[in-house]
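The values are calculated or read from the model by the stated rules, or taken from the named source; none is laboratory data. Remember, predicted model here, so these are calculated numbers, not experimental data. Heads up, the Cβs are rebuilt from the backbone with ideal geometry, glycines too, and the neighbour counts pull from every protein chain shown.
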Amino acid sequence: MSLPLRFRLNQEDVEIHVQDPTVPLLDVLRGDLGLTGTKSGCAIGYCGACTVVVDGEAVPSCVQMAGLVEGRDVRTVEGLGGPDGLDPVQNAFVKCSGLQCGFCTPGHVMALRALLDEDPDPGEERLRETVDGNYCRCTGYVKILDSAREAVELERAARVAREAR
């Protein structure tokens with residue numbers, strides 16, 4: 001018997017049917033919905049590769065039970081950006097070469113997106129804490145931190161431009 005699961009995904013209402021509401025949200029996103037930008041790394045909520053944003057909070061989707069997102073707002077890396085281009089966090093990673101193989105990048109991007117949505121002007125310590133929550137085996141984190149700092153600046157510039165209109 002399948003159970004309906006309704007939630008908001010990347011600004012769209014979705015309803016799917018799941019056999020088991022305790023299945024990880026990651027499996028639903030990748031397997032049922034075809035959103036493969038969110039990566040599976042450790043399956044224990046530790047590496048950060050599977051980070052998505054649920055109701056404004058960065059969460060590891062590999063340990064988030066799908067049934068617990070009923071009625072909630074979920075954002076994945078596929079939900080960033082739009083017809084006008086990339087999200088400022090994505091642009092920062094491109095500009096600062098904050099990725100190599102790209103496996104961890106969606107998790108970093110989503111964790112930083114959640115941080116900037118909560119605090120548009122975080123200090124260095126908060127940026128480091130956010131980056132520290134996601135493993136990267138390719139870089140020494142220098143370029144990722146540069147990307148995080150650049151994302152803050154791009155967010156600030158976008159905010160100033162919006163306010164000037």
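At a glance:
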| item | result |
| --- | --- |
| Hits in region 7-41 - residues which are touching a helix residue (DSSP H, G or I) at 6+ places or on another chain (Cβ under 6 Å), part of a loop (DSSP other than H, G, I, E, B) and among the β-branched types (Val, Ile, Thr) | Val23, Thr36, Thr38 |
| Tally of residues being under 23 Å from Ser147 (Cα atoms), over 13 Å from the mean Cα position of the chain (by Cα) and surrounded by 15 or more Cβ atoms within 10 Å (Cβ to Cβ) across region 61-85 | 0 |
| Answer from Arg162, Arg149, Arg156, Arg137 - the residue that is among the basic types (Lys, Arg), without any contact (Cβ under 8 Å) to a residue 60 or more places away in the chain and part of a loop (DSSP other than H, G, I, E, B) | Arg137 |
| Positions within region 114-137 being surrounded by 14 or more Cβ atoms within 10 Å (Cβ to Cβ), modelled with pLDDT of 95 or more and touching a Gly at 6+ places or on another chain (Cβ under 7 Å), in sequence order | Ala114, Asp117 |
| Sole residue being in contact (Cβ under 8 Å) with a residue 40 or more places away in the chain and hydroxyl-bearing (Ser, Thr, Tyr), chosen from Thr51, Thr36 | Thr51 |
| Single residue of region 139-165 satisfying the filter (of a type in the set (Val, Ile, Thr) and surrounded by 14 or more Cβ atoms within 10 Å (Cβ to Cβ)) that is farthest from Gly107 (Cα to Cα) | Val152 |
| Tally, over region 87-113, of residues that are exposed (fewer than 15 other Cβ atoms within 10 Å of the Cβ) and of a type in the set (A, V, I, L, M) | 1 |
| Residues of region 42-95 satisfying the condition of being among the charged types (D, E, K, R), touching a helix residue (DSSP H, G or I) at 6+ places or on another chain (Cβ under 9 Å) and part of a strand (DSSP E or B) | Glu57, Arg75 |
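Condition check ((1) surrounded by fewer than 16 Cβ atoms within 10 Å (Cβ to Cβ); (2) more than 15 Å from Gln64 (Cα to Cα); (3) outside the structural domain of Arg75 (by TED's automatic domain parsing); (4) under 17 Å from the mean Cα position of the chain (by Cα)) across all residues:
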{"site": "Gln11", "(1), (2), (3), (4)": "yes, yes, no, yes"}
{"site": "Val14", "(1), (2), (3), (4)": "yes, yes, no, no"}
{"site": "Leu25", "(1), (2), (3), (4)": "no, no, no, yes"}
{"site": "Arg30", "(1), (2), (3), (4)": "no, no, no, yes"}
{"site": "Thr36", "(1), (2), (3), (4)": "yes, yes, no, yes"}
{"site": "Lys39", "(1), (2), (3), (4)": "no, no, no, yes"}
{"site": "Cys42", "(1), (2), (3), (4)": "yes, no, no, yes"}
{"site": "Gly48", "(1), (2), (3), (4)": "no, no, no, yes"}
